[in-house]
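Before any comments, here is the structure.
The values are calculated or read from the model by the stated rules, or taken from the named source; none is laboratory data. Just so you know, these numbers come straight off a predicted model, no measurement behind them. Heads up, the Cβs are rebuilt from the backbone with ideal geometry, glycines too, and the neighbour counts pull from every protein chain shown.
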Amino acid sequence: MTGASGDAPLAGKVAVVTGAGGGIGRAITLAYIRAGASVVGVGRSADPLAETVRIAHDMGGTITVLSADVRDGEALAAIAKRVEDEHGQVDVLVANSGIGGPMLPLWEVPVDGWDDTIATNLTGVFLTCRAFVPGMITRRRGSIVVIGSITGKRPVATRAAYASSKIGLVGLVRTLALDAGKFGIRANLISPGPVAGARLRGVLDAQVQLTGRSLTELEQDLLVQLALPQLTEAQDVADCAVFLASESSRAISGQDINVAAGMVMY
C-alpha cells in the first residue's frame, strides 16, 4: 500500500512504535523507515531493540530506541516529552506491545497472570495513548494504530485473558476515534490472524501439551480455517500499518481491520 508520496508515503513524519524489538513491532518499524518516517522504537528489553537497530542500519535506515514498560504511565509520559522535545512532533503512534498471557482453562488461570495480561495488552495501550495524544491534540493531527488480534472476536480455548484484553481494544479504539476526531486525530485497530513466527509456534506447542494432539494436526486445523491458504506474515500487518499512517487513509477512523487471510470477516 502506498500513499500520495509514492515510495515514501510517510516522508517527513515522526512515528513511535511500542514493542519494536521483534515480531509485528519490528516489521512495522522497518516498514515505516522504508516509507520515509523517522521512527522511535520503544520496548522493555535492550537486546531485541538493539537487533532492530542493527537491521535498520543494514538497510540504510536510522532509528532511535528508548526503553520503557507500557505498564508504567510515568515512563511513557517522560518518553512522550522527550520525543516531542527532540523531534518536535509525533505524527503516528503504534501501540503494539503485548504478551500472550497464560494458556489455561479460565478456572485455572492465576490472578497475577490475568492481571499482567490485562495490564500489558489493554491498560498499556490506554497509558500509551494517554501519554502521546495530548501532543497530537496541540498540533490538531495524528494517526494512532493499535495492534489487536482476531482472538478477541473469535476466542480460542485456554486464552481467556488474552481474548479479553484484545476485545477490549475494540471499544478503546472506537471511543478514542470519537473523542479525538474533532482534533484531526484518527485511531484504528488492526486485528491480525495467526502470524507465522515464534509466538504462534509457542501457542501451538502449548496446545500440543494441553490436548495431546500432534503439531502437524494442529497446523492443519489452523490452515483449513483460512479463506486464503496461507498464514499471515508480520509484513502483511506492517503494510496495513503503513497505509493507516499515511494520507491515503485520511478518511478512515474507528475501524477494526482484520489482516487474517480471511479467518475472520467481521
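Residues checked against (1) out of contact with any Lys or Arg (no Cβ under 8 Å at 6 or more places or on another chain); (2) modelled with pLDDT of 90 or more; (3) part of a helix (DSSP H, G or I):
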residue	(1), (2), (3)
V156	yes, no, no
G181	yes, yes, yes
I190	yes, yes, no
L222	yes, no, yes
L228	yes, yes, no
V237	yes, yes, yes
S248	yes, yes, yes
V264	no, yes, no
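In the stretch 1-31, the qualifying residues are those that are under 24 Å from A131 (Cα atoms), part of a loop (DSSP other than H, G, I, E, B) and not hydrophobic (A, V, I, L, M, F, W, C), and the one that is modelled with the lowest pLDDT is G22.
Given (1) under 23 Å from T128 (Cβ atoms); (2) touching a strand residue (DSSP E or B) at 6+ places or on another chain (Cβ under 7 Å); (3) buried (at least 19 other Cβ atoms within 10 Å of the Cβ); (4) not acidic (D, E), where does A163 come up short, assuming only one miss? Checking A163 against (1) under 23 Å from T128 (Cβ atoms); (2) touching a strand residue (DSSP E or B) at 6+ places or on another chain (Cβ under 7 Å); (3) buried (at least 19 other Cβ atoms within 10 Å of the Cβ); (4) not acidic (D, E), the one that fails is (2).
Tally time: how many residues in the stretch 169-214 are farther than 22 Å from P155 by Cα, buried (at least 16 other Cβ atoms within 10 Å of the Cβ) and either in contact with a Cys (Cβ under 7 Å, 6 or more places away or on another chain) or of a type in the set (S, T, N, Q) (or both)? Even if it seems obvious, please write down each step before you answer.
Kept after step one, since they are farther than 22 Å from P155 by Cα, are these residues of the stretch 169-214: 175-187.
From the residues that got through so far, the ones that are buried (at least 16 other Cβ atoms within 10 Å of the Cβ) too are 176-177, 180, 185-187.
Narrowing further to those that are either in contact with a Cys (Cβ under 7 Å, 6 or more places away or on another chain) or of a type in the set (S, T, N, Q) (or both): 176.
Of the residues in the stretch 169-214, 1 are farther than 22 Å from P155 by Cα, buried (at least 16 other Cβ atoms within 10 Å of the Cβ) and either in contact with a Cys (Cβ under 7 Å, 6 or more places away or on another chain) or of a type in the set (S, T, N, Q) (or both).
Among the residues of this structure, T52 does not count as one that is surrounded by fewer than 17 Cβ atoms within 10 Å (Cβ to Cβ) and more than 30 Å from A251 (Cβ to Cβ). In the stretch 32-74, the residue that is farthest from G98 (Cα to Cα) out of those that are of a type in the set (V, I, T) and assigned to a loop (DSSP other than H, G, I, E, B) is T62. Of the residues examined, V208 is one that is more than 30 Å from D91 (Cβ to Cβ), more than 20 Å from the chain's Cα centre (by Cα), modelled with pLDDT under 90 and of a type in the set (A, V, I, L, M). T128: in a helix (DSSP H, G or I), more than 30 Å from Q209 (Cα to Cα), out of contact with any Lys or Arg (no Cβ under 9 Å at 6 or more places or on another chain) and of a type in the set (V, I, T), yes or no? The answer is yes for T128.
For the stretch 71-82, indicate whether the set of residues that are small (G, A, S), surrounded by fewer than 18 Cβ atoms within 10 Å (Cβ to Cβ) and touching a strand residue (DSSP E or B) at 6+ places or on another chain (Cβ under 7 Å) is non-empty. Scanning the stretch 71-82 turns up no residue that is small (G, A, S), surrounded by fewer than 18 Cβ atoms within 10 Å (Cβ to Cβ) and touching a strand residue (DSSP E or B) at 6+ places or on another chain (Cβ under 7 Å). Residues in the stretch 215-256 that are touching a helix residue (DSSP H, G or I) at 6+ places or on another chain (Cβ under 6 Å) and surrounded by 13 or more Cβ atoms within 10 Å (Cβ to Cβ): L218, A234, Q235, V237, A238, A241, V242, F243, S249, S253, G254, D256.
If only one of A77, A68, A95 is out of contact with any Leu (no Cβ under 8 Å at 6 or more places or on another chain) and over 26 Å from P194 (Cβ atoms), which one is it? Give the steps one after another, and end with the answer.
On the way: A68 fails: out of contact with any Leu (no Cβ under 8 Å at 6 or more places or on another chain); A95 fails: over 26 Å from P194 (Cβ atoms).
The match here is A77.
Within the stretch 157-188, the set of residues being closer than 13 Å to T123 by Cα and of a type in the set (K, R) comprises K166 only. For the criterion of being of a type outside the set (S, T, Y), part of a loop (DSSP other than H, G, I, E, B) and under 18 Å from the mean Cα position of the chain (by Cα), G254 passes. Of all residues in the stretch 77-118, those being closer than 30 Å to R141 by Cβ, under 16 Å from the mean Cα position of the chain (by Cα) and of a type in the set (A, V, I, L, M) number 4.
Out of all the residues in the stretch 83-101, is one or more over 24 Å from D256 (Cα atoms), in contact (Cβ under 8 Å) with a residue 40 or more places away in the chain and surrounded by 21 or more Cβ atoms within 10 Å (Cβ to Cβ)? Yes, the stretch 83-101 contains at least one residue that is over 24 Å from D256 (Cα atoms), in contact (Cβ under 8 Å) with a residue 40 or more places away in the chain and surrounded by 21 or more Cβ atoms within 10 Å (Cβ to Cβ).
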